[in-house]
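Peer 1: So that we are looking at the same thing, I have put the structure below in structure tokens.
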2 protein chains.
Amino acid sequence: MLTAAQRDHIQVVLVRPRNPLNIGAVARAMANFGFAHLTVVAPYEPHWREARSAIQAESLLQNANRAEHLAAAVADCTLVLGTGTLTHRKPDQRVVPLPALTPELDRALAANGHIALVLGPEKHGLTREDLSLCHALVEIPTDARQPSMNLGQAAAVCLYELATRCGDPSAAGAAAASVPAAPAPAPSSTLDRLGALIEQTMAAAGYSPRAMQPANRHDLRVLLRRLAPTPLDARRMMGLFRRILFRLNRNAGFRS
Amino acid sequence: MLTAAQRDHIQVVLVRPRNPLNIGAVARAMANFGFAHLTVVAPYEPHWREARSAIQAESLLQNANRAEHLAAAVADCTLVLGTGTLTHRKPDQRVVPLPALTPELDRALAANGHIALVLGPEKHGLTREDLSLCHALVEIPTDARQPSMNLGQAAAVCLYELATRCGDPSAAGAAAASVPAAPAPAPSSTLDRLGALIEQTMAAAGYSPRAMQPANRHDLRVLLRRLAPTPLDARRMMGLFRRILFRLNRNAGFRS
């Protein structure tokens, strides 16, 4: 069972939801399982805060954050979990079946991290671009013949699993013990600053054709989240890349 | 993980649902988790089979059974599980938290039983009368400040738990081993025939005032489900009560 303090470290992020009734249904499920922090990214319908389906969750919806981009929504998070099914894709991220999520989440909570559960839009779910901002993809084990869940139902299932099976202090202790003193990873915003600096360096070094830049950016995001550097690691890497960039630009200046 | 054959022994029963969209949402969640058997009891809206929310579950809804009473819907079931929260009531039945349901369900499956998951209407859930037809009440552990779940979301959460955590053959074996060769209980219809016969006997014996009959009927139903007699037990009990009833009626005939 999660404590109130642990629930406070978990936010739900809805990316480009179309139907306000689904946003309200997610808010209701959050209230049912004791979660309070909702962020809505680029919602399609301007009046989503009035969704009538947010029964007994009206204030949760009123107090929800709004962001234009997923990167901003998860900036302070150390564990970003995308959700979806795998029927039509082969993800770049690790895949964790929802029933097996507990140890990972308990480790992140034990390290005092901030966690985001990210749900994609109704029709097609999270894009590859969205997923590049996630540390792992949580898979709800649905039937192969009908894998696509309703947004509010998918949220309810995920939050039920989190609320009832995560946060057990003994399990967290055991999970923490099984990992040799894993330091807390840097938050997403740090990874994005580091990524941007590496991209700049790649460009300055003429690393690859301009047409390759989106693909490189994607691979870089995925890589950094898999490596999960600590804040200190990230600071050191940035120091190095700043130095390299400075040199590259100075040399370029010499030549011109 | 449940096998296809095990899923085939599980049905979902919706009691007096008002909103066809919720019926469709339940059908969708069933398709997501690989369940096919839906029974709708006394639906409010005649056109519920056309619910647009039954995405990729249209045929499931078309093939759903319809019953006028819960007793008829669960007649062949050996384990009838009501669902709800406990905030406003003190149930007569055993209460099983949803995350702890696995051993009970695996035992019922190991005994080749038929199982019903019963969900009540949107506003107030299952009545005390409905619950008297259930062997146990499954409680979804929701927040005390907002316990009431949306019908489609409650169904999704229950079916997720069943689909992912029940049906493990080793767990079923272990569960079966921990119970000393528990024989399969009689189905609900047998319990209801036995109950009716006992009621008749009570009336013939002048057991209690007529005003007490509904309360007695309720207590009797609850008792029989708690005792869980086997088909043979039930047959013997009925033999005894028929004999008693015959004698009571003959004596009454003598006197008049």
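Just so you know, all these numbers are worked out from the coordinates, no wet-lab data involved. Since this is a predicted model, take the numbers as computed values, not measurements. Cβ coordinates were reconstructed from backbone atoms using ideal geometry, including for glycine residues, and neighbour counts include every protein chain displayed.
Peer 1: What residues from region B:1-45 fall in the zone where the backbone N is under 16 Å from a label point 7 Å along the Cα-to-C-beta line of residue B:112?
Peer 2: Output list for this probe position: B:5-10.
Peer 1: With a ≥ b ≥ c the root eigenvalues of the C-alpha gyration tensor of region B:188-255, is it rounded (a/c under 1.5), prolate (a/b larger than b/c) or oblate?
Peer 2: Note, shape of region B:188-255 comes out oblate.
Peer 1: Put a label point 7 Å from Cα along the Cβ direction on residue A:42, then list its distances to the equivalent points in the other copies in nm, shortest first.
Peer 2: The projected label point of residue A:42 is separated from its counterparts by 5.0 nm.
Peer 1: Oh, and also: Comparing B:229, B:103, B:209, which has the greatest mean-square fluctuation in the GNM of chain B with Cα pairs linked when under 10 Å apart?
Peer 2: B:209
Peer 1: Would you mind calculating the relative contact order of region B:188-255 from Cα pairs under 8 angstrom and at least 6 residues apart, reporting the percent as a whole number?
Peer 2: 54 percent
Peer 1: With the dipole of chain A worked out from charges on the C-beta (+1 for Lys and Arg, -1 for Asp and Glu) around the Cα centre, which of A:134, A:215, A:33 lies farthest toward the positive end?
Peer 2: A:215
Peer 1: On to the next question. Given the Cα atoms of chain A, and with Rh set as the inverse mean 1/r over their pairs in the Kirkwood sense, what is Rg to Rh to two decimals?
Peer 2: 1.01
Peer 1: Taking the alpha-carbon centroid of each part, what is the distance from region A:96-120 to region B:55-114 in angstrom?
Peer 2: 31 Å
Peer 1: Counting each DSSP H run of 4 or more residues in chain A as -39500 (n - 2.57), what helix-only mean residue ellipticity at 222 nm follows after dividing by all residues, to the nearest 500 deg cm²/dmol?
Peer 2: Result for chain A: -14500 deg cm²/dmol, rounded to the nearest 500.
Peer 1: Here's another thing I want to ask about it. What's the FRET efficiency of residue A:203 with residue A:144 using the Cβ-Cβ distance as r and R₀ = 35 Å, to the nearest 0.05?
Peer 2: FRET efficiency, residue A:203 to residue A:144: 0.25.
Peer 1: Please give the length that would be gained between residue A:5 and residue A:18 if that part of the chain were fully extended, namely 0.36 nm times their separation in residues minus their C-alpha to C-alpha distance (nm, one decimal). It would help to have the intermediate numbers written out before the result.
Peer 2: On the way: separation 13, 0.36 × 13 = 4.68 nm, distance 3.13 nm.
The residue A:5-residue A:18 span can extend by a further 1.5 nm.
Peer 1: If contacts are Cα pairs under 8 angstrom and at least 6 residues apart, what is the relative contact order of region A:4-178 in percent? Kindly include the intermediate steps, with their values, before the conclusion.
Peer 2: Details: 331 pairs, mean separation 49.9, N = 175.
It rounds to 29 percent for region A:4-178.
Peer 1: Please identify the helices of chain B, taking whole runs of DSSP H, that span at least 20 Å along their own axis as judged from the Cα atoms and have a mean Kyte-Doolittle score of 0.0 or higher. Please report the intermediate quantities before stating the final value.
Peer 2: Numbers: long enough: B:151-165 (21 Å, 0.76); B:188-204 (24 Å, 0.28); B:213-227 (21 Å, -0.81); B:231-255 (36 Å, -0.36).
Taking the DSSP H segments of chain B (at least 20 Å long, mean hydropathy at least 0.0), we get B:151-165, B:188-204.
Peer 1: Still on this model: Would you list A:246, A:33 from fewest to most Cβ contacts within 10 Å?
Peer 2: Fewest-to-most Cβ neighbours within 10 Å comes out as A:246, A:33.
Peer 1: When each copy gets a label point 7 Å from Cα toward the beta-carbon at residue A:209, what are the spacings between them in nm, shortest first?
Peer 2: For residue A:209, the inter-copy label distances come out at 9.5 nm.
Peer 1: How much FRET efficiency would the formula 1/(1 + (r/R0)^6) give for residue B:76 and residue A:248, where r is the Cβ-Cβ distance and R0 is 51 Å, rounded to 0.05?
Peer 2: 0.10
Peer 1: For chain B, modelled as a GNM with alpha-carbon contacts under 10 angstrom, which of B:239, B:34, B:113 fluctuates the most?
Peer 2: Maximum fluctuation in the GNM of chain B, among the listed residues, is at B:239.
Peer 1: Right, here's the next one. Could you give the distance between the Cα centres of region A:195-252 and region B:196-256, to the whole Å?
Peer 2: 82 Å
Peer 1: Taking the Cα centre of the protein assembly as shown as origin and charging only Cβ (+1 Lys, Arg; -1 Asp, Glu), how large is the dipole, in debye to the nearest 20? It would help to have the intermediate numbers written out before the result.
Peer 2: Details: 56 positive and 40 negative charges, 2 e Å.
With Lys and Arg at +1 and Asp and Glu at -1, about 0 debye.
Peer 1: Counting only other chains, what is the mean number of Cβ atoms within 10 angstrom of the Cβ of each residue in peptide B:45-56?
Peer 2: Taking all residues of B:45-56 together, the mean is 1.
Peer 1: Still on this model: With springs only between Cα atoms under 10 Å apart, run a GNM on chain B and tell me which of B:66, B:225, B:28 wobbles the most.
Peer 2: B:66
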